[in-house]
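First comes the structure, then the notes that go with it.
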Amino acid sequence: MPIQSKYKNKVEFNMSTQADLVFLLLIFFMITSTLVSPNAVKLLLPNSSSKTAAKRSFEVYIDEQLDYSILQGKDLVAVEEDNLAVAIDERLQTEADDAAVVVRADKSVPVQNLIYVIDAVNNINEQQQKQHKVILATRPVEK
């Protein structure tokens, strides 16, 4: 007479615990991704309804105190207005010939300060026969 066991081992895999784990990871990454700020400097950008996307090379920030900063890697480097053209030229040396410079200027910044950046890029284009573009960053119009 063979001995039979009351308890049999089942060879099944329970997926419910893995589904819980996946949802917990999804919630974690959703929460942490909203904490990452895309703007290194808090600016109130002007509104625009146009949607232009370009391959960004680097960004130039102009805050409400008219201080210039250039994004290098993940660090913001403060630049004086007199040295702005030199700093942009040094940064564009490592970029492609048709790279874009994104200007993130506060809403209260006078147009003349934007023109300093545009003139610096245009002078670099003329001297080095390049085709760099300048793009003004805006925020979408609230409806």
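The values are calculated or read from the model by the stated rules, or taken from the named source; none is laboratory data. Since the model is a prediction, treat every value here as computed from it, not as a measurement. Glycine gets a Cβ as well: all are built from the backbone with ideal geometry, and neighbour counts include every protein chain shown. For accessibility, only protein heavy atoms count, side chains too; no ligands or nucleic acids. Shrake-Rupley method; radii C 1.70, N 1.55, O 1.52, S 1.80 Å.
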Of all strands (runs of 3 or more DSSP E) fully inside the range 1-90, the set with 1 or more residues that are basic (Lys, Arg) and either modelled with pLDDT under 75 or out of contact with any Gly (no Cβ under 8 Å at 6 or more places or on another chain) (or both) is 56-62
Note on the range 99-141: residues open to solvent by 20 Å² or more (accessible area, probe 1.4 Å), under 17 Å from LEU71 (Cβ atoms) and among the β-branched types (Val, Ile, Thr) are VAL134, ILE135
If we ask which residues in the range 57-78 are free of Cβ contacts under 8 Å to residues at least 12 places away in the same chain and either crowded, with 19+ Cβ neighbours inside 10 Å or under 18 Å from ASN123 (Cα atoms) (or both), their number turns out to be 0
